[in-house]
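The values are calculated or read from the model by the stated rules, or taken from the named source; none is laboratory data. On a predicted model such as this, the values are computed, not experimentally measured, just so you know. We place every Cβ from the backbone using ideal geometry, glycine too, and count neighbours over all the protein chains shown. Note: areas computed on protein heavy atoms with side chains; ligands, DNA, RNA excluded. Shrake-Rupley method; radii C 1.70, N 1.55, O 1.52, S 1.80 Å.
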Amino acid sequence: MGCFIKNIEYIYPSNKVSNEDLVNQFPDYDFGKFEKKVGIKNRYWVSETETALDLAELACEKLFQKVNREEIDYILYCTQSPEYFLPTTACILQNRLKLRNDIGALDFNLGCSGFVYGVSLAKGLINSTQVKNVVLVTAETYSKYLHPNDRSNRAIFGDAATATLISYSEEDHVGSFLFGTNGAGYDKLIVKNGCSKYPLDKSAEEINYGSGNIYTDNNLYMNGPEVFNFTSSVIPNFTKKVLEVNGKNIGDINQFVFHQANSFMLNFIRKRIKIDPEKFYIDLKDGGNTVSCTIPIALKKYTNNVDFTSEDIVIVGFGVGLSWAGGLVTINNKL
């Protein structure tokens with residue numbers, strides 16, 4: 001008894017923002033150099049009236065063109081862009097999608113590690129015989145948190161939603177998972193104001209950071225150097241432990257699909273782990289860093305562009321929290 005990833009669909013908003021568009025706002029910055037180093041050319045942002053839930057609904061409806069919505073037993077909804085403080089956004093999504101009433105619906109607040117956590121949660125629900133079909137949804141609209149003059153984060157982050165169907169199978173195609181948490185680094189990637197501790201402040205002071213970037217405590221703040229240091233120090237050894245717990249060596253793995261943070265960071269990690277480039281997926285040119293959506297988007301793009309019968313793929317997410325997670329999945333079909 002086990003489970004497998006059956007299908008993945010994803011959606012970007014219609015509003016594409018290219019590096020050429022950003023040059024108009026930040027003419028003194030070399031976006032050609034940025035694109036070569038970081039690997040991002042385009043990102044997509046929602047409109048003022050569009051939300052992560054809107055994107056999630058579209059991604060799910062795209063999925064339901066392939067699968068029967070009546071068979072869905074559970075929604076796992078990963079987002080850091082909830083529709084409301086309460087109620088649970090997954091409950092609203094259940095209603096919008098006209099799914100059965102006798103299903104589970106759960107939100108969980110994680111970012112870059114969220115998809116990996118979600119696959120593990122779905123596996124637990126299925127292997128414990130509680131359900132047979134789980135829709136794992138990731139939906140993020142970080143663009144709503146970005147200060148208009150925060151060049152670095154506006155260049156990196158994009159919006160997206162994904163819908164992944166994880167289903168029961170006689171054989172298990174989802175392996176063992178490991179997790180990590182260091183809450184001492186919670187303030188390395190944070191939107192400080194707007195929740196219970198600090199309300200939104202209309203007169204929040206503008207703060208300069210990095211090289212010509214501006215934010216307020218109402219906006220997203222990322223300490224890039226600290227996040228890079230965390231990732232480069234933790235993820236290489238962690239990945240080796242993920243391989244070990246699954247009884248695998250690097251050579252046994254067909255592809256490594258990590259959170260698509262940026263090309264420079266990913267290549268740094270790859271070299272540390274000593275993975276060949278052709279076995280390490282990097283493709284965030286069109287879409288950018290979409291937080292919890294990057295791994296399912298990468299899995300979809302990768303499996304739809306190669307010919308294969310069955311592939312063992314290691315997935316690793318890391319970032320905001322600080323949080324990280326990794327595991328092994330076996331993919332048997334184009335997603």
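Working carefully through the options Asn109, Asn95, Asn101, Asn149, find the one that is in contact (Cβ under 8 Å) with a residue 40 or more places away in the chain, surrounded by fewer than 19 Cβ atoms within 10 Å (Cβ to Cβ) and more than 20 Å from Ile8 (Cα to Cα). Selected residue: Asn149, the only one of Asn109, Asn95, Asn101, Asn149 that is in contact (Cβ under 8 Å) with a residue 40 or more places away in the chain, surrounded by fewer than 19 Cβ atoms within 10 Å (Cβ to Cβ) and more than 20 Å from Ile8 (Cα to Cα). Among the residues of the stretch 125-145, the ones that are open to solvent by 10 Å² or more (accessible area, probe 1.4 Å) and outside any helix (DSSP H, G or I) come to 6 in all.
Conditions tested, residue by residue: (1) part of a helix (DSSP H, G or I); (2) closer than 29 Å to Lys188 by Cβ; (3) among the β-branched types (Val, Ile, Thr); (4) open to solvent by 60 Å² or more (accessible area, probe 1.4 Å).
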| site | (1), (2), (3), (4) |
| --- | --- |
| Phe264 | yes, yes, no, yes |
| Lys271 | yes, yes, no, yes |
| Ile275 | no, yes, yes, no |
| Asn333 | no, no, no, no |
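What about Val23, is it surrounded by fewer than 19 Cβ atoms within 10 Å (Cβ to Cβ) and not in a helix (DSSP H, G or I)? Judged against the criteria, Val23 is not a match. Candidates are the residues of the stretch 229-249 that are farther than 23 Å from Gly39 by Cβ and not polar (S, T, N, Q); the one that is most open to solvent (accessible area, probe 1.4 Å) is Glu244.
Kindly indicate the residue of the stretch 219-246 that is touching a residue at least 60 places away in the same chain (Cβ under 8 Å) and assigned to a loop (DSSP other than H, G, I, E, B) and also farthest from Phe85 (Cα to Cα) among those meeting that condition. My answer is Asn246.
Scanning the stretch 119-173 for residues that are within 26 Å of Ile40 (Cα to Cα) and among the small types (Gly, Ala, Ser) gives Ala139, Ser143, Ser152, Ala155, Gly158, Ala160, Ala161, Ala163. Restricting Ala90, Ala122 to residues that are open to solvent by less than 10 Å² (accessible area, probe 1.4 Å), without any contact (Cβ under 8 Å) to a residue 60 or more places away in the chain and not in a strand (DSSP E or B) narrows the list to Ala90. Of the residues in the stretch 56-77, at least one is assigned to a helix (DSSP H, G or I), among the small types (Gly, Ala, Ser) and under 21 Å from Tyr145 (Cα atoms).
Hey, among the residues in the stretch 307-321 that are touching a Ser or Thr at 6+ places or on another chain (Cβ under 8 Å) and assigned to a strand (DSSP E or B), which one's surrounded by the most Cβ atoms within 10 Å (Cβ to Cβ)? Out of the qualifying residues, it is Gly317. Being surrounded by 15 or more Cβ atoms within 10 Å (Cβ to Cβ) and at positive phi is the requirement here; does Gly194 meet it? Yes; evaluated as a whole, the condition is true for this residue. If you take the residues in the stretch 250-262 that are surrounded by 15 or more Cβ atoms within 10 Å (Cβ to Cβ) and without any contact (Cβ under 8 Å) to a residue 40 or more places away in the chain, which one is farthest from Glu311 (Cα to Cα)? Only one residue fits best here, namely Gln260. Against the conditions (1) surrounded by 14 or more Cβ atoms within 10 Å (Cβ to Cβ); (2) free of Cβ contacts under 8 Å to residues at least 24 places away in the same chain, Asn213 satisfies every one except (2).
In this structure, is Thr79 open to solvent by 40 Å² or more (accessible area, probe 1.4 Å) and hydroxyl-bearing (Ser, Thr, Tyr)? Considered against the rule, which asks whether it is open to solvent by 40 Å² or more (accessible area, probe 1.4 Å) and hydroxyl-bearing (Ser, Thr, Tyr), Thr79 comes out as no. Looking across the stretch 43-56, the residues that are touching a residue at least 60 places away in the same chain (Cβ under 8 Å) and either open to solvent by 20 Å² or more (accessible area, probe 1.4 Å) or over 19 Å from the mean Cα position of the chain (by Cα) (or both) come down to Tyr44, Trp45, Glu50, Thr51. Summed over the stretch 284-312, residues that are modelled with pLDDT of 95 or more and of a type in the set (Asp, Glu) total 2.
With respect to the stated conditions, Asn304 fails to be open to solvent by 20 Å² or more (accessible area, probe 1.4 Å) and touching a residue at least 40 places away in the same chain (Cβ under 8 Å).
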